[in-house]
Amino acid sequence: MSSTKGSETGIGFVTVVKSEELGYVGGLLVVNPLGRPLEFHATAPVKPSRAHEILYGATLEPFLVGERIVGALTEAAKLPLRLVLTDRREVIDGAPAASWGPVLVRSHDDSDAAIDSTPWELRRAVGEFELAARDSLRETLAIDDLSEPFDRIREALDEARKSASRPATRRPGEAA
């Protein structure tokens, strides 16, 4: 890449996975324009209590996903994030005002036909995502399928969960 390490920026892909036993786990994959990973961050599981569910009501999921989980992930990023893309509407609904302005990329659980019509359908969290910016993203980011980085994140989170639940293996001769 032509930029120096000090001026390098990344494009973030962030998603959150919910499981009944663990709660919510988030992952942030920061890539360069070719889609190669520069950083990866994951959160520990966050499981709201019954009291949280009662007190937060319908605002619980946007708060947990958008503010707590994604907020922690983006703060952990070492590179400045030029843009953050997500496939979870809760990220946008609960995201605090930030300069990176999360953009929704065709949600996997969205029934909105306009979003499902093309993998390049983007929505800006606040205001409109201009057509020029959308075209610029296509030219800047050499990833044909924008859902693919989210699949990588989910696979990495699943692998981490499996690794954590496996018993530690000992080498021959190693003390217990």
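With more than 13 Å from the chain's Cα centre (by Cα), of a type in the set (Lys, Arg) and under 20 Å from Leu146 (Cβ atoms) as the only criterion, which of Arg50, Arg82 stands out?
From the options Arg50, Arg82, the qualifying one is Arg82.
Here are Leu79, Leu28, Leu34: which of them is in a strand (DSSP E or B), in contact (Cβ under 8 Å) with a residue 60 or more places away in the chain and of a type in the set (A, V, I, L, M, F, W, C)?
Leu28
Residues of region 62-84 being under 16 Å from Val17 (Cβ atoms) and either touching a strand residue (DSSP E or B) at 6+ places or on another chain (Cβ under 8 Å) or surrounded by fewer than 14 Cβ atoms within 10 Å (Cβ to Cβ) (or both), which ones?
Leu64, Val65, Arg68, Ile69, Val70, Ala72, Leu73
So which residues in region 61-73 are touching a residue at least 40 places away in the same chain (Cβ under 8 Å) and either at positive phi or out of contact with any His (no Cβ under 9 Å at 6 or more places or on another chain) (or both)?
Answer for region 61-73, where residues must be touching a residue at least 40 places away in the same chain (Cβ under 8 Å) and either at positive phi or out of contact with any His (no Cβ under 9 Å at 6 or more places or on another chain) (or both): Val65, Ile69, Val70.
We did not get these values from a lab; they are worked out from the coordinates using the rules stated. Quick caveat: nothing in here was measured; it's all calculated off a predicted structure. Neighbour counts are summed over all protein chains in view; Cβ atoms, including those assigned to glycine, are modelled from backbone coordinates with ideal geometry.
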